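Read-outs throughout are calculated quantities, based only on the coordinates presented, and are distinct from any laboratory measurement. Computed from a predicted model, the values in this text were never measured in an experiment. So basically every Cβ, Gly included, is an ideal-geometry build from the backbone, and we count neighbours across all protein chains shown.
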Amino acid sequence: MATYALRRLIQMIPLLLVISLLVYSLTALQPGSPVDQLTFGNSNITPEDIARLKAAYGLDQPWYTRYFFWLGHAIRGDFGYSQDYSIPAAQFVFQQRMPNTLLLTVPALILSTLIAVPLGIFSAVRQYSIPDYVLTFFSFVVFSAPVFWVGAMALYFVAVYLPTATGGALSLPPGGLGSPDLPLDAGFWATTLDKLHYLILPLSILMLREIAVTLRFMRASMLEVMNQDFIRTARAKGLPSRIVLFKHALRNAVVPIITLLGLSIPGLFGGAVITERVFSWPGMGNAIIDALISKDFNVVMVSLMLLALLTVVFQLITDLVYAVVDPRIRYS
Amino acid sequence: MKKTLAITAFLLGTALAGPANNSLVIGTSQEPPNIYDPWNTNNLAITSEINGYMGAALIGLDDNGDPYADIATRVPSLSNGDYKVVKNAAGDVVRNSVTYTIRKEAKWSDGTPIKIADFQFWLKLVNDDRVPVPDRTPWDRAKITTTDADTFTITYDPPYLFADQTSPGFAPQHVMGAAWNAFDAKTKNEKDAKVTNEEWKKFISSFTTSRNLPKVVAGPFKPTAWRSGNSLTMTRNTNYWNKPKGGEDKYVQTVVYRFIPNTNTLKVNILSGQLDALSAVGPTFDQGVDLQRNERGKFKTYFVPGAVWEHIDVNTRGQKAKDLDMDDPRMRQALLLSIDRDALTKALFQGKQAVSNSFVNPISKLYKKDVRDYNANVAQAKALFTQLGWTAGSDGILQKGGKKLSLNFGTTAGNSTRERVQQILQAQWKAVGVQVNIQNYPSSVFFGPDFLSKGADGKWDLAMYAWTGNPIFEEGNLFKGSGVPTAANGYSGQNNSGWVNAEYDRLHKQAQTEFNLTDRIKLFDRMQTIWNTEVPALPLYYRVNVYTKVPGLVNYTFSAYTLYPSWNASSIGWASRGAVEEYKQK
């Protein structure tokens, strides 16, 4: 398995280079440039000004020349400055946006998995019972409802309706990440509690959707396994239901969930774009979208290459975990 | 104890905004890339607005467009001798100059006096090729000479038309000077402009970002905390010279900007009482109307006439334009007479965005009030179409020589207001036999290098977008012949219609060197008459800016002259805390 893992790791290098080339070229070939934003509408701009600005931003060079310039620096750990935030792109991504995203997405994934897996098992075991119908209906509704709409409604409910209805006794902040006037020296616990206060609503909305997705997967996977011959055999030989369920069925049914979770992990770093947007949560999703719109190349490259790296790494980890949970899978 | 109470209040969800602690919480949909960059190397509106709280200037303009002295001792004028215009023997102005005296009490926030060296430092850098300012007008022709420790003269040679309406910037040399020298030493022999620009970013970002807040500022507020993606907090700068009436303790002490990119979420924040006011960079017009319906006495919504002019450029270049007579003024007049702009602004904007008939801002001194108003007149429009040889075909669409009058009408995709305007205009044009096909593009394509400026290639027929019509610095540049984007000028002009009129160009050139306002008004009268007769663009309306503020907040106002409520930052306050109202929102 070690050889297999090493081979996969080596294969990642050309793969990541191809991805970086694709991402850079697609971003660079989009119409418009940062210089357009600086010059549009300014009647004093001369052709010389445009040429000067293009040279300063490196846009006087073809995209492939710029790509190799970027790659040469990136290999040395220099990802350049963010044009939109005027700080090093890596600092912006790793220090200012990623921690916020992880604060939102990691608890959402853990909590939703802890809730959805048992519910999925329960729903499968009690197939066609009233609780199963309720859970299936719930997951269909949540899965189908657009996040931007659910988020906006929730925001209005907790920030406008609830305080009015309860005379201000109950309310949650309408988006953002922390009270703007919390003293800078408020201390770790006060700051954390303050952030948690702002986290409740976006986290709940994000969890709802993830619960719905995982629940449906878990239920379907369990139902498929429960109808297999080896489960019938286990039951026929008189094993207790608990053993059949947890030792025989669950261990097999959990393989697709591992795939789901393994592929969800890179997504944790990429942020939840719509949730972040609706709740003004300054995370990676917002950052990537804004950077793509404004052609902030360095932020786009750092963010998307990070996601690409995480995707291939976790793909490998997922494959390796298969071998651990499923004895039939062996890598040679 | 106070801190514990404050923290407890946060955790219970009660915002300490408003008069309770003499603070002001403002919501905006944009976050600036940096703040207080003396050379404005990014030109976003939100940056300008926020800089207004921290910045000072020699002279400024108030809501009425009248100049006032800030850190200069008086407003320069021809009558007081501080503004001088030098003419040659032929009577042509060859240069002009403005003399300023810096107030003795003008200081940086660290208490260091603001000196002439700060202006010289700023001027040196703005003209340095390594500094990526978008343009250098008029500073590339300006020179500073000192009279004494506090008095200096800035001379523009060739002359600058608006020399008395503007003033040079300044930067804290005592704070930035050493870092600049290091940048200078490192990049003076650098040939690669991109490498130099990266070094520039390092230099400027050490004074202007969330990680490195400006070390000193000159205006009424100084930045104290910038939580990236969330908020920016500024507190009162006690070293700012201009104290508002009754003492600065009676006015807002802390200003907090909350960055909420989603304008619907911004709206919820207003409705929930989390914000005291909105920035000038905030909700859309539709959201403003919705907010107005939900005020319930908690806040008031304002629609402030702005400087942004919505119009439809008519492409007069290329073979298709010729085939369809778009290069003939009668066709453009007919198109304008076919549409009912009054009904359109009533239906979509409750009449709050006034119909325009000129490219000049209606509040500008140069605006000509009595140009033709082109009220909808279908009969006249039809007569003009007939005069040009267009007759209705069996399908009702006008045709001539086997060609249908079918036009591609583009705007920025996703702009719901513009898309609704398109729908209405499409229906109105259809009624007179003009077929209009809507073809919208993302902003990056529409404003990109291969669309608007390529009218000669027939990429569009009608294009709806906006220009800023500055009521002070109006030069008539939008429609000058030399502004037609061509390969020769690197597609840098703004005259996308491609309209060229010899008389307009002659008057425009004359107006650029006409320093007498009365005479310049006469020139602009004629220029607007020509433009209004030829209508190279179909004027639609001037946009309004929407914002809200809660009752009791005073001096939080702006106009098309001042553009942002921060112009008067020092005097913003709560009536209940003793702030005196000097300016009312018009």
Rounded to the nearest 0.05, what FRET efficiency is calculated for residue B:513 and residue A:310 with R0 set to 51 Å and r the Cβ-Cβ distance?
0.25
Against the 2.2 N^0.38 Å rule of thumb, the C-alpha Rg of region B:132-217 sits at a ratio of 1.32
Can you pull the three principal axis extents for the Cα set of the protein assembly as shown, in Å, largest first?
115, 81, 62
Note down the nm distance, to one decimal, between modelled labels 7 Å out along Cα→Cβ at residue A:229 and at residue B:181.
8.7
At the level of C-alpha centres, the distance separating region B:381-441 and region A:267-322, in angstrom, is 44
Please check: in the Gaussian network model of chain A (C-alpha springs, under 10 Å), which one of A:31, A:118, A:88 has the largest mean-square fluctuation.
A:31
What is the sum of charges, Lys and Arg at +1 and Asp and Glu at -1, for the other residues whose Cβ falls under 11 Å from the Cβ of residue B:82?
+1
Please give the Cα centre distance for region B:51-94 versus region B:293-364, rounded to the nearest Å.
33
Rough spin-label spacing in nm, given labels placed 7 Å along Cα→Cβ, for residue B:420 and residue A:289
2.2
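Using only alpha carbon positions, build the gyration tensor of region B:172-321, then give the equivalent ellipsoid semi-axes as the square roots of 5 times its eigenvalues, largest first, whole angstrom.
On the way: eigenvalues 263, 187, 50 Å².
Computed over region B:172-321, the values are 36, 31, 16 Å.
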Report the calculated FRET efficiency for residue B:128 and residue A:22 (r = Cβ-Cβ distance, R0 = 45 Å), to the nearest 0.05.
0.75
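Taking each pair of different alpha-carbon atoms in region B:161-205 once, compute 1/r for the pair, average those values, and report the inverse of that mean as the Kirkwood hydrodynamic radius in Å to one decimal.
Over region B:161-205, the inverse of the mean reciprocal pair distance is 12.4 Å.
Can you give the average number of partner chain beta-carbon atoms within 10 Å of each beta-carbon in peptide A:165-178, as a whole number? Present the calculation step by step, with values, prior to reporting the outcome.
Values: counts 0, 0, 0, 4, 2, 1, 6, 2, 6, 12, 12, 11, 5, 4.
What the average comes to for A:165-178 is 5.
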Compactness of chain B - radius of gyration and Dmax, Cα, Å
26.0, 86
Normalised per residue, the volume inside the convex hull of the alpha-carbon atoms of region B:386-483 in Å³ amounts to 157
Do any chymotrypsin sites (Phe, Trp or Tyr not before Pro) in region A:60-161 lie in a loop, going by DSSP, with at most 15 other beta-carbon atoms within 10 Å of their beta carbon, and if so which?
A:128
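Report the equivalent ellipsoid semi-axes for region B:294-368 in whole Å, largest first, defined as the square roots of five times the eigenvalues of the gyration tensor built from alpha carbon atoms.
Working: eigenvalues 231, 48, 23 Å².
The answer is 34, 16, 11 Å, longest axis first.
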Give the distance, in whole Å, between the Cα centre of region B:186-214 and the Cα centre of region B:542-586.
36
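Compute the convex hull volume of the Cα atoms of region B:82-183, divide it by the residue count, and report the result per residue in Å³ as a whole number.
Working: hull volume 12.1 nm³, N = 102.
Value for region B:82-183: 118 Å³ per residue.
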Go ahead and collect, in residue order, the members of region B:297-328 whose backbone nitrogen is under 20 Å from a label point 7 Å along the Cα-Cβ direction of residue B:437.
B:313-327
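Can you compute the equivalent ellipsoid semi-axes for region A:1-45, i.e. the square root of 5 times each eigenvalue of the Cα gyration tensor, sorted largest first and rounded to whole Å?
44, 8, 5
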Run the Debye formula on the Cα coordinates of region B:52-117, all scatterers equal and no solvent, and tell me log10 I(q)/I(0) at q = 0.18, 0.22, 0.28 1/Å.
-0.79, -0.99, -1.21
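Based only on Cα atoms, what Rg/Rh ratio does region A:233-308 have, Rh being taken as Kirkwood's radius? Walk me through the numbers on the way to the answer.
Working: Rg = 21.1 Å, Rh = 15.5 Å.
Computed over Cα atoms, the ratio is 1.36.
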For region A:135-180, what is the Kirkwood estimate of the hydrodynamic radius, computed as the reciprocal of the mean inverse distance between distinct Cα atoms, to one decimal in Å?
12.1
Please compute the Kirkwood hydrodynamic radius of region A:140-255 from all pairs of different C-alpha atoms, in Å with one decimal.
18.0
For an R0 of 22 angstrom, estimate the FRET efficiency from the Cβ-Cβ distance between residue A:75 and residue A:318 and round to the nearest 0.05.
0.20
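Inside 10 Å of the C-beta atoms of A:181-190, what's the mean count of C-beta atoms belonging to other chains? Numbers along the way, then the final one.
Details: counts 15, 10, 6, 4, 1, 5, 2, 0, 1, 7.
If you average over the peptide's residues, the count of other-chain Cβ atoms is 5.
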5 Å binning of all Cα-Cα separations within region B:347-403, expressed as whole percents from 0 upward:
4, 14, 15, 15, 12, 12, 13, 9, 4, 1
Principal axis dimensions, largest first and in whole angstrom, of chain A by Cα:
86, 66, 38
